[in-house]
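Every number here is computed from the coordinates shown, using simple stated rules; none is lab data. Keep in mind that this is a model prediction, so the values were computed, not measured. Because the Cβ atoms are built from the backbone with ideal geometry, glycine has one as well, and the counts that use them run over all protein chains shown.
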Amino acid sequence: MRTRLRSLLVCAAIACAAVGTLRPAEVRASESLAGVIDANQPRMVKIYGAGGPRGLEPYQSGFLFSDTGHILTVWSYVLDTDHVTATLSDGRRFEAKLLGADPRLELAVLKIEAEELPHFDLATAVPADRGTRVLAFSNLFGVAAGEEPASVQHGIVAVKTRLDARRGVFESPYRGEVYVLDAMTNNPGAAGGALTNQHGELLGMLGKELRSAQNNIWLNYALPIDELRNSVEQIMQGKFRPSEEPPDILPEEAIDLAQTGLVLVPDVLERTPPYVDLVRDGTPAARAGVQPDDLIVFVGENLVHSCQGFRDELAHLERGTSFRIVLMRGQELVDVEIVFDGEEAQP
């Protein structure tokens, strides 16, 4: 009995020594990773807006990139409302204003009225290589509603490649480089989240959910900040801004919708999307190549949300003035110019 007890005590001592030897390093690693996560949590934003068709979630993620409340997120149906709410990590809620968006890159910039906010600096974002260990911060599945922390997933960059490398297998207007991740990051609500390395340095923004049209495999990816930075700077300079209310003083003879040759879908809702229902033969729109079912996204550099918004943009333009529109055709963006000849320019 004494021999067995002595043996058990020796084994226990060896085990304790082993644990004591490993624990400090494990604790340091844990504390380091926890520190990175804690430092980035205040930079994350929970975004709430419009729900989509067929019960799509009315929320997504975003992150602060200035101390005065600028938020980077994805351009999606969630933002297609006059009332977008941004909730910070401390539970404070703000009404967020859409400063602008670039549908080509599927990004948007929001602004809240706040100061001295912790934030990522887009200018110091770093690139990632294959094998880089990463952290993905997001409000996937709407788990956090107030001051709860954002969810964090750990993984690696499997490869850096172009999204169109498989010739349109993944339907998206974006055709730039992406980080393909080995973690299940692109879940409902995760779009717009932040991707960092293990040191907490910003790498990219989580994209929308994408599924292969060939094999139904979901793609987990992030858009590198290098691909987005120029567009964000243009939005901050006033480009790609939402359409605004017409000014008090309008042209005496503005462009009429019928003059373009476009017939939009019936305007039955307050924000009916400006889909093209019909293009009349021999008109400026027909010559420009506009097709039925095209969705009007931009007039010039102004975002257009609705049929009425498109009419409001035309109200800014003198009769006979040529103008550019950007269309969403399927999953592609098409840039066309509506040009009037002499007869069409007449009242």
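So for Met328, Met184, fewest C-beta neighbours within 10 Å to most, what's the order?
So the ranking, lowest neighbour count to highest, is Met184, Met328.
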Check your understanding: Under a 5 Å amide H to amide H cut-off, with H placed in plane at 1.01 Å, what residues pair with Met205 once short-range neighbours are removed?
Key -> Leu195, Leu223, Ile225
Check your understanding: Ranked by Cβ crowding within 10 angstrom, fewest neighbours first, how are Tyr48, Tyr275, Tyr221 ordered?
Key -> Tyr275, Tyr48, Tyr221
Study note, to complete from the structure: Simple SL model, points at 7 angstrom along Cα→Cβ for Asp82 and Ala34; separation in nm is 4.8
Study note, to complete from the structure: Listed by chain and number, the residues whose amide H is under 5 Å from that of Gly176, excluding neighbours fewer than 5 places away on the same chain and using placed H, are Leu163
Exercise for review: Grab the Cα-Cα distance for Asp293 and Arg329, subtract it from 0.36 nm times how many residues apart they are, and report the gain in nm with one decimal.
Suggested key: 12.2 nm
Study note, to complete from the structure: Output ordering of 126-136, 56-66 (per-residue mean of other Cβ within 10 Å, highest first) is 56-66, 126-136
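Going by C-beta contacts inside 10 Å, put Lys239, Lys208 in order with the fewest on the left. Walk me through the numbers on the way to the answer.
Numbers: Lys239 14, Lys208 18.
Starting with the residue having the fewest Cβ neighbours, the order is Lys239, Lys208.
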Study note, to complete from the structure: Once both label points are put 7 Å beyond Cα along the C-beta direction, the Arg175-Ala315 separation in nm becomes 3.6
Point to revise | Among Ala96, Val180, Ala108 the positive-end extreme of the charge dipole of the stretch 41-236 (Cβ point charges) | key: Val180
Point to revise | Burial order of peptide ranges 111-120, 256-265 (average beta-carbon count within 10 Å, highest first) | key: 256-265, 111-120
